[in-house]
Each structure stands twice: as structure tokens, then as C-alpha cells.
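*Asks:* Can you keep this structure in mind? I'll have questions shortly.
Each reported figure results from applying straightforward, stated rules to the coordinates on display, with no laboratory input. From a predicted model like this one, the values you see are computed outputs, not experimental measurements. Glycine gets a Cβ as well: all are built from the backbone with ideal geometry, and neighbour counts include every protein chain shown.
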Amino acid sequence: MFGLTTLAANKIPLGNMLFIIISFLVLMVILKRVAYEPVTKVLDERADKISADIDDAEAARQEAEKLALQRQSELTVTRQQATKVVADAKASAQKQSDSLIATASDRATLINQQAQTDAQKLKEDAIFNAKNDVAALSVAIASKLMQKELSLNDQQALIDAYISDLETK
Amino acid sequence: MDEPTAPFEFLGLTFDWGTILSTLLAMAIVVIVSVVLTRNLKLKPGKRQNMIEYLLDFTNGVVNGQLPKKQARQFGLYAFTLFFFIVVSNEIGLLLQLQGGNGVTYIKSPTATPIVPMTLAIMSLVVAHGMGVQKLGLKGYLNNMLLTPYTWMLPLNIIEQLANFLTLSLRLFSNIFAGEMVLTLVAKSLAWPGHFNGFWSVLALPIEMVWQGFSLFIGGIQAYVFVILTGVFIAQLSGEE
């Protein structure tokens with residue numbers, strides 16, 4: 001057994017120890033370049049990325065919540081507005097129709113009155129004309145029939161009496 | 001127990017081919033695996049990237065559980081390298097043991113040779129003491145290490161520091177060494193070529209399989225324990241418990 005026998009023989013294998021130490025240091029440098037630093041860098045990068053991703057996700061979630069809330073409130077407002085618009089439209093339509101009906105009804109009444117007035121007037125005119133015509137006609141007929149001169153005043157009284165007799169019939 | 005070795009002298013220092021080759025092989029495997037696993041890193045990981053990320057997460061978890069953030073960041077790379085290297089070292093010997101014609105084992109678990117765990121323990125303790133000095137200042141560090149909780153505990157504290165070195169290194173070494181020793185013993189005594197023993201030789205296969213599985217588990221646990229204990233020492237020597 002090399003180590004212990006040489007140790008016992010006061011021949012410390014310094015060369016071996018030096019060789020091991022130096023080669024271990026070289027190994028450490030190589031591993032640092034090849035594995036330790038790159039892998040540590042990747043691990044750190046990944047840790048950073050994960051924490052950044054978590055933060056981003058949290059921010060995105062809050063943003064989405066905010067948007068949802070906003071949308072909800074906007075929806076409520078819009079719904080209220082829509083209700084109001086429909087109500088307004090209904091009211092305005094009602095008002096318009098009412099005014100139309102009122103106008104039409106006024107107009108109809110007016111036309112009716114006009115018609116009645118016209119009819120009354122026509123009737124009165126007709127009666128008046130007829131009175132005059134009948135008076136003149138009666139005078140002509142009477143003067144012809146009786147060949148007798150008559151005073152117009154006497155005749156007028158007679159005709160009035162005759163016509164009022166006609167009207168009562 | 002006394003196996004032949006292949007030592008050689010260079011610049012007045014003693015080297016040993018078995019330890020050097022095994023260590024180099026383990027390190028080569030560590031580098032190749034990490035290069036393969038970290039090709040084409042992406043924010044969204046694939047299978048290979050997941051494996052290396054899991055490994056790094058694991059050692060970072062060990063470190064972060066014991067040390068404040070600043071020290072954990074400093075210690076992270078060392079813990080990662082240490083764990084990766086020790087795991088690979090522990091498991092190499094289970095797959096591969098190459099013996100030369102002269103009886104020297106050139107390739108086995110580096111951690112099954114006492115010098116490797118001892119060196120690693122020395123490095124870990126140097127790191128721990130260094131971080132202690134950095135955190136508390138030299139005076140505070142000495143006070144914390146030697147005179148806490150009571151001044152009269154100075155001798156005990158000195159012994160504790162020495163014991164730290166031995167427990168750290170010998171725990172790793174003995175676990176891996178014993179694991180490989182049992183594997184070799186089972187193979188040699190039950191199924192060595194030329195010593196075919198009927199039933200016993202056939203029995204060797206399941207025993208080896210079970211023991212290899214167990215050793216695989218032990219190898220992982222010991223690497224974990226080594227890193228954890230290093231963290232504990234750092235925390236202790238930085239005055240946090």
C-alpha cells in the first residue's frame with residue numbers, strides 16, 4: 001500500500017500531493033469556464049425570467065380585472081341609456097299622436113261647424129228669396145186674375161198671412 | 001497489503017504513476033462529462049442540461065444550507081468541483097482496475113490511495129481556514145478556533161483541528177479502499193482463473209454485483225459527506241454554528 005508505507009518510511013510523496021493540488025486547481029478553472037459559470041448564468045436567467053413572468057401575469061390579471069369592471073359599468077350605463085331612449089321615443093310618439101289626434105279633432109269640429117253655418121245660411125237665403133219671389137208672383141197673379149188695381153200694402157199683409165199659414169203646415 | 005507501486009523521482013520530488021494516472025483519468029472524465037452536458041445551454045433545458053443543472057443545484061443546496069449567501073457564492077465552485085471529482089474518483093475503481101505486468105495497479109479509484117484524500121482534505125482545510133481568516137480577521141479567527149467556548153479548551157481545540165484533518169481524509173479513503181478491497185477479495189478467492197471452484201465461483205457474480213451496487217452508493221454518500229464536512233468546517237472556522 002503505497003501511501004502509508006512511504007509515509008512510514010519518512011518519504012512523504014510531496015510530488016503526488018503537488019500534482020494533485022495543481023491538477024485540481026486546473027480542473028477547477030476548467031470546470032468554472034465550461035460548466036459552473038454558464039450553468040449558473042442560465043439558472044439565474046431562468047430565475048429572473050420566472051419571477052418576471054409571475055409579475056407580468058399578475059399585472060395582466062389586474063388589468064383584465066380592471067377591464068372587466070369597466071366593461072360591466074359601461075354595460076350598465078349603456079343599458080340605462082337604452083331604456084331611457086326607448087322611453088323617450090315612446091313618450092314622444094305618444095305626444096305626437098296625441099297632438100295629431102287633437103288637431104284632427106279640432107279640424108273636424110271646425111269643418112262641421114262651417115258646414116252647419118253654411119247650410120243655415122243657404123236655408124235662410126232660400127227662404128228669403130222664396131218670400132220675395134212669392135210676394136212678387138202673387139201680386140202679378142192677383143193683378144192678372146182680378147184685373148183690379150190693388151194697393152201693394154194690402155196685398156203684402158194678405159201674402160204674409162198666407163205664407164205664415166204655409167210655414168205652419 | 002503491501003502492493004507494489006511505480007514511483008519515480010522528478011526535481012527531487014517523489015511521484016507515483018498509479019496515483020497520477022488514476023487522478024488524470026478521473027479529471028479527464030469530469031471534464032469530458034461536463035463539456036458534453038453543457039453543450040448548447042438553453043433557458044428551457046434539455047435532458048443533458050438538466051443533469052448538470054441538477055448536479056450544480058445539489059452542491060449549491062449543500063452549500064447554501066450551511067453558509068451565508070456571500071460565503072456560499074465563494075465556496076460554490078469549489079464544492080461543485082470537489083463533489084464532481086470525488087464522485088467520479090470513487091466510482092472509477094468499480095468499473096476499471098488495470099494492473100500492469102509487474103503487479104502495479106495503474107488505474108483504480110484515486111481516492112482508494114491515502115495520498116489523494118489527504119491532499120483533498122488539506123485543500124479543504126486550507127480553504128476553510130482561509131475563509132475563516134477572511135471573515136473574522138486573523139485575531140478573531142484564532143480566538144474563534146482556539147479559545148472558544150472557554151480559554152482552557154485550547155488543547156482540546158488544537159487536537160480537534162488535527163482530528164478534523166484525519167477524519168476528513170481517512171473516512172473517504174477507508175470507505176473507498178475497503179469497498180475495492182472486498183471486490184478484489186471476492187474476485188480473487190472465489191473466481192480467480194485456474195481456481196474454478198464450482199458453486200462458489202458462480203456465487204461470486206451475484207456477490208460482486210451486490211457489492212458493486214453498494215459501493216456505488218457508498219461512493220456517492222462519501223463524496224456528499226466530504227463536501228458537507230468541508231462546509232461545516234468553513235462554518236465553524238467562520239464562527240457560525
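*Asks:* Could you run the Karplus curve 6.51 cos²θ - 1.76 cosθ + 1.60 with θ = phi - 60° over region A:138-144 and give me ³J(HN,Hα) per residue in whole Hz, x for Gly and Pro?
*Replies:* Residue by residue, region A:138-144 yields 5, 4, 4, 5, 5, 5, 5 Hz.
*Asks:* Given a 10 angstrom Cα cut-off, can you work out which residue in B:Gly219, B:Gly231, B:Gly18 is the most mobile in a GNM of chain B?
*Replies:* The residue with the greatest mean-square fluctuation here is B:Gly18.
*Asks:* Ranked by Cβ crowding within 10 angstrom, fewest neighbours first, how are A:Met28, B:Met131, B:Met181 ordered?
*Replies:* Result, fewest neighbours first: B:Met181, A:Met28, B:Met131.
*Asks:* Checking the table A:Lys121/A:Lys144; B:Lys42/B:Lys69; A:Lys32/B:Lys42; B:Lys44/B:Lys135 against a 28 Å threshold on Cα-Cα, which pairs fail?
*Replies:* In this structure, A:Lys121/A:Lys144; B:Lys44/B:Lys135 lie more than 28 Å apart at Cα.
*Asks:* In addition: Taking the Cα centre of the protein assembly as shown as origin, sum charge times position over the Cβ atoms of Lys and Arg (+1) and Asp and Glu (-1), and report the length of that vector in debye to the nearest 20.
*Replies:* Here the size comes out at about 1180 debye.
*Asks:* Quick one: dipole size for region B:7-237, taken about the Cα centre, charges +1 on Lys/Arg Cβ and -1 on Asp/Glu Cβ, in debye to the nearest 20.
*Replies:* Roughly 880 debye for region B:7-237.
*Asks:* Average projected area of the Cα convex hull of region B:91-189, in nm²?
*Replies:* Mean orientational projected area (region B:91-189, Cα hull): 8.6 nm².
*Asks:* Between B:Leu96, B:Leu183, B:Leu170, find the one with the highest GNM mean-square fluctuation for chain B; connect C-alpha pairs within less than 10 Å.
*Replies:* Between B:Leu96, B:Leu183, B:Leu170, it is B:Leu96 that shows the largest mean-square fluctuation.
*Asks:* When the convex hull of the C-alpha atoms of region A:94-166 is computed, what volume per residue in Å³ does it have?
*Replies:* Roughly 87 Å³ of hull volume per residue.
*Asks:* Taking every Cα atom in region A:2-168, find the radius of gyration and the maximum pairwise distance Dmax, and write them in Å.
*Replies:* In order Rg, Dmax, the Cα atoms of region A:2-168 give 64.2, 201 Å.
*Asks:* Let me ask another. Using Cα pairs closer than 8 Å and at least 6 residues apart in sequence, work out the relative contact order for chain B, in percent.
*Replies:* 24
*Asks:* When the C-alpha atoms of the protein assembly as shown are aligned to their principal axes, what extent does each axis show, in angstrom, from largest down?
*Replies:* Projected onto the principal axes, the Cα atoms of the protein assembly as shown cover 201, 65, 37 Å.
*Asks:* Take the eigenvalues of the Cα gyration tensor for region B:7-237, scale each by 5, and report the square roots as semi-axes in whole Å, largest first.
*Replies:* 36, 24, 18
*Asks:* While we're looking at this one, here's another question. What ³J(HN,Hα) values, in whole Hz, does the Karplus curve 6.51 cos²θ - 1.76 cosθ + 1.60 give for region B:159-175 when θ = phi - 60°, with x put for Gly and Pro?
*Replies:* For region B:159-175, the Karplus-derived couplings read 4, 4, 5, 5, 5, 3, 4, 5, 5, 4, 7, 6, 4, 4, 4, 5, 4 Hz, x marking Gly and Pro.
*Asks:* Mind checking which of A:Ala142, A:Ala91, A:Ala60 has the largest fluctuation in a GNM of chain A, springs on alpha carbons under 10 Å?
*Replies:* Greatest mean-square fluctuation among the candidates belongs to A:Ala142.
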